[in-house]
Amino acid sequence: MQSLVLITILLEGKSVTTPSQLCQALNLSKAGISHIISNLESKGFLKRMVKEEDARSLKLILTQPGIRKANKLVKILDLFEKGLEEDLGIQRLSLFLSGLEDFKKCLNSSL
């Protein structure tokens, strides 16, 4: 999940910069996001900053090591995706992803 948080902050930029926005984007609890943010902060990958316009809100900013790590993770995911496309073919991969989406809907409806 730490990888997904780094990638989300990198790719979403200004649209996902607060813990609450991360909760929504990744469908995680506030406690879960807080724990992940603390771990990433202790590793030096991101910083919490108080928003200038609202001192009650936090803004999450990737540090230079965090940006480098997120970029490496994006490359790894990209290679993984290309490998899946080559191994399964676009049509089979599309069917697989559709099946995963159906599975997710079933899980959500049962919770």
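Select, from S34, S38, the only residue that is polar (S, T, N, Q), out of contact with any helix residue (DSSP H, G or I) (no Cβ under 7 Å at 6 or more places or on another chain), at pLDDT 90 or above and assigned to a helix (DSSP H, G or I).
The unique qualifying residue is S38.
Being assigned to a strand (DSSP E or B) and either in contact with a strand residue (DSSP E or B) (Cβ under 7 Å, 6 or more places away or on another chain) or touching a residue at least 40 places away in the same chain (Cβ under 8 Å) (or both) narrows it down to one residue among L77, L60, L73; which is it?
Working: L77 fails: assigned to a strand (DSSP E or B); L73 fails: assigned to a strand (DSSP E or B).
Exactly one residue qualifies, and that residue is L60.
Given the conditions (1) surrounded by 13 or more Cβ atoms within 10 Å (Cβ to Cβ); (2) among the polar types (S, T, N, Q); (3) within 14 Å of the chain's Cα centre (by Cα), report the number of the one that S57 does not fulfil.
Failing condition for S57: (3).
Check L100 against each of (1) surrounded by 12 or more Cβ atoms within 10 Å (Cβ to Cβ); (2) under 25 Å from I9 (Cα atoms); (3) free of Cβ contacts under 8 Å to residues at least 12 places away in the same chain and name the one condition it does not meet.
The number of the failed condition is (1).
Is one or more of the residues making up the range 14-24 part of a helix (DSSP H, G or I), within 13 Å of the chain's Cα centre (by Cα) and β-branched (V, I, T)?
No, there is no match, as no residue in the range 14-24 is part of a helix (DSSP H, G or I), within 13 Å of the chain's Cα centre (by Cα) and β-branched (V, I, T).
What number goes with the only condition from (1) polar (S, T, N, Q); (2) closer than 25 Å to P19 by Cα; (3) at pLDDT 90 or above that S98 does not pass?
(2)
Looking only at the range 41-57, which residues are outside any strand (DSSP E or B) and not charged (D, E, K, R)?
Those that are outside any strand (DSSP E or B) and not charged (D, E, K, R): S42, G44, F45, A55, S57.
From the list E52, E12, E41, E85, pick out the single residue that is farther than 30 Å from L107 by Cα and exposed (fewer than 15 other Cβ atoms within 10 Å of the Cβ).
That would be E52, the only listed residue that is farther than 30 Å from L107 by Cα and exposed (fewer than 15 other Cβ atoms within 10 Å of the Cβ).
The values are calculated or read from the model by the stated rules, or taken from the named source; none is laboratory data. Keep in mind it's a predicted model, so treat the numbers as computed, not measured. Neighbour counts run over all protein chains shown; Cβ positions are idealised from the backbone, glycine included.
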